[in-house]
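Trainee: The structure's right below; bear with me while I get my questions together.
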Amino acid sequence: MGDERVEAMEIDAQQRQEVAAAVPDGFNADYLRIYYGKLFPYGDFFKWLAYGNDAKHPGCDQSYIGRRELSFTLENDIYLRFQSFDTAAELETSIKEKCPFKIDIGPVYSVDPAKRHAYAQSGNNVFVPVERELIFDIDISDYDDVRYCCSGADTCLDCWPLMTIVIKILDTSLRGDFGFNHILWVYSGRRGVHCWVCDSRARKLSNEQRSAIADYFRVYKGGENSLKKVSLTGPVLHPFLARSYTDVLKCFFEDKLLHSQQLFASEERCQKILELIPDENVASELHDKCQGNRRSSISKEDVNAARWEQLKTTLQSGKHKTQGLRRCVEEIVFSYTYPRLDMEVSKHMNHLLKAPFCIHPKTGRVCVPIDPNNCEDFDPTAVPTLSQLLGELNAAGMQIDSENDWERTSLEKYIRFFRTSFLQPMLKACKEELETAYSAKLQQSKNTLSW
Ligand SMILES: [Zn+2]
């Protein structure tokens, strides 16, 4: 590339930024209308939810996509549930027309949810959910007792790594322990992440099976009032928990969280950790040691590491290696780092979950997919906002009826990731399953005929 072109590109980028700045921050129906008009990836979205049933293959279930519930939340919190669509074009028309502030995805029902009343009257078709991705919903606001930088819906680069840990732990286990392959992680736009397990085996799980999987991940017991939220029982740690601890949680706690959250920096914070130690004598021994080194020469930066080392040494010394304290170090690490799932969302098929590529009304950020293999690089503060995207569109010059306007915005890499890393491999698997099932059906009817 010649120098002149490089120079021209630099000017171009600079100009683009200037124009981008010309679209004021915000979230409103006018902005959203442009987003839905030019950027929302209808085709990919529809192909995902059709799971191969929109193709010409004779084995397709033509009714499949039309039995999926989408729910729209309109401006002023008007709530339209049980929307259903037979084609991508229908979906696109409806979204453009209604301009939903939020789109949620529900289950696939036994019958078209939009016609559920008619079916109820006829009495022979029960309206029940029959399929749904296995989903996980994680909110960083559930970590307020272990983060000191933010609270509630706020998040920053010091506490966001807690979400990265969720992705690492769950993704590894869902693939390794459960054999799922088609897993989509999505930034919720503000305070957390969503996980969609889309393998057909996952979509067909019963509520009981979903509960069993959710329970597999549960170490976090007791409610708000229970001080000790993690209790690791049994003679040895379950292999999944042992692996999570040694491969991810321990390093994260010691190398990152300890310092980024200053976990031992004040008496109050020390006390909170010491409360997790079931033996009062040991806890008060450690409390005295903390008091002692408060007056010593340990610099402020080292105090967290020093006190943690002290705690570990004390708890793991021969003197205290009794049954109750054996797991205490692990339990503290789990309490501060282990994924906190909203179990109810995972257990039932009929929970709604916000669709990817929606815009979060409070932040204006797009709910973009996250690559689990590079989740530590994901920066929620760098996710494109609605106004930024419109600015980029302006800068690129609006072309009427341009097919892929998103290619000229920073949404591009997210849509490409969705398409190539998630959608394409998943549709390939769907097609193979469809063909296997179809030829089995043909074979069966052949056998029946030959009788
Ligand atoms: Zn924070």
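The numbers here are math on the coordinates, done by the rules we state, and not lab data. Computed from a predicted structure; not experimentally measured. Neighbour counts run over all protein chains shown; Cβ positions are idealised from the backbone, glycine included.
Trainee: Using the 10 angstrom Cβ neighbour count as an exposure proxy, how do 194, 117, 348 rank, fewest first?
Mentor: 117, 348, 194
Trainee: Can you classify the stretch 321-451 as rounded, prolate or oblate using the Cα gyration tensor, where a ≥ b ≥ c are the square roots of its eigenvalues, rounded means a/c under 1.5, and otherwise it's prolate if a/b beats b/c and oblate if not?
Mentor: oblate
Trainee: Mind checking the angle between helix 88-98 and the chain's longest principal axis? C-alpha axes, 0 to 90 degrees, to the nearest 10.
Mentor: 70
Trainee: Sticking with this one: Give the calculated FRET efficiency between residue 233 and residue 212 to the nearest 0.05, with a Förster radius of 22 Å applied to their Cβ-Cβ distance.
Mentor: 0.75
Trainee: What relative contact order, as a whole-number percentage, does the stretch 88-212 give when Cα pairs under 8 Å and 6 or more residues apart are counted?
Mentor: The value is 24 percent.
Trainee: Hey, another quick one. Listing 82, 418 from the residue with the fewest other Cβ atoms within 10 Å to the one with the most, what is the order?
Mentor: Ascending number of Cβ neighbours within 10 Å: 82, 418.
Trainee: Residue 377 versus residue 247, label points 7 Å from Cα toward the beta carbon: distance in nm?
Mentor: 2.1
Trainee: In nm, what is the difference between 0.36 nm times the number of residues separating residue 86 and residue 126 and their Cα-Cα distance?
Mentor: Going from the current span to full extension adds 12.4 nm.
Trainee: Further question: Less than 13 Å Cβ to Cβ from residue 69, Lys/Arg counted +1 and Asp/Glu -1: what total charge do the surrounding residues give?
Mentor: Residues near residue 69 contribute +2 overall.
Trainee: Hand me the chymotrypsin sites (Phe, Trp or Tyr not before Pro) from the stretch 149-206 located in a DSSP loop with no more than 16 other Cβ atoms within 10 Å, in residue order please.
Mentor: 178
Trainee: Hey, rough spin-label estimate for residue 302 and residue 157, points 7 angstrom out along Cα→Cβ, what's it come to in nanometres?
Mentor: Each label point is offset 7 Å from its Cα along the Cβ direction, giving 2.7 nm.
Trainee: Using only the alpha-carbon atoms, how far is helix 161-176 inclined from the longest principal axis of the chain? Give it as 0 to 90 degrees, nearest 10.
Mentor: Value to nearest ten degrees: 70.
Trainee: How large is ³J(HN,Hα) for each residue in the stretch 285-291, as worked out from phi by the Karplus curve 6.51 cos²θ - 1.76 cosθ + 1.60 (θ = phi - 60°), to whole Hz, x for Gly and Pro?
Mentor: Here the 3J(HN,Hα) series is 4, 5, 4, 4, 4, 4, 4 Hz.
Trainee: Towards the positive end of the charge dipole of the chain, with charges on Cβ (+1 Lys, Arg; -1 Asp, Glu), say which of 338, 143, 265 has the farthest Cα.
Mentor: Checked the options; the winner is 338.
Trainee: The stretch 169-224: which trypsin sites (Lys or Arg not before Pro) are DSSP loop and have at most 11 other beta-carbon atoms within 10 angstrom?
Mentor: Here the trypsin sites (Lys or Arg not before Pro) that fit, given the DSSP loop and packing criteria, are 221.
Trainee: Rounded to the nearest 20 debye, what is the charge dipole size of the chain about its Cα centre when +1 sits on each Lys and Arg Cβ and -1 on each Asp and Glu Cβ?
Mentor: Approximately 1560 debye in magnitude.
Trainee: Local charge sum around residue 369 (other residues, Cβ-Cβ under 15 Å, Lys/Arg +1, Asp/Glu -1)?
Mentor: -1
Trainee: Positive end of the charge dipole of the chain (Lys, Arg +1 and Asp, Glu -1 on Cβ, about the Cα centre): tell me which of 313, 207, 245 has its Cα farthest that way.
Mentor: 207
Trainee: While we're here: Once the piece of chain linking residue 259 and residue 316 is laid out straight, how much longer is it, given 0.36 nm per residue of separation minus the C-alpha distance between them?
Mentor: Between residue 259 and residue 316, full extension yields an extra 18.3 nm.
Trainee: Taking a ≥ b ≥ c as the square roots of the eigenvalues of the Cα gyration tensor of the chain, is the shape rounded (a/c under 1.5), prolate (a/b larger than b/c) or oblate?
Mentor: Here the chain falls in the oblate category.
Trainee: Calculated FRET efficiency, residue 28 and residue 268, Cβ-Cβ r, R0 45 Å, to nearest 0.05?
Mentor: The value I calculate is 0.60.
Trainee: Got a sec? How would 248, 108, 130, 366 order by Cβ neighbour count within 10 Å, fewest to most?
Mentor: 130, 248, 108, 366
Trainee: Charges on Cβ only, +1 for Lys and Arg, -1 for Asp and Glu, centred on the Cα centroid of the chain; of 113, 396, 325, which one is farthest towards the dipole's positive end?
Mentor: Selected residue: 325.
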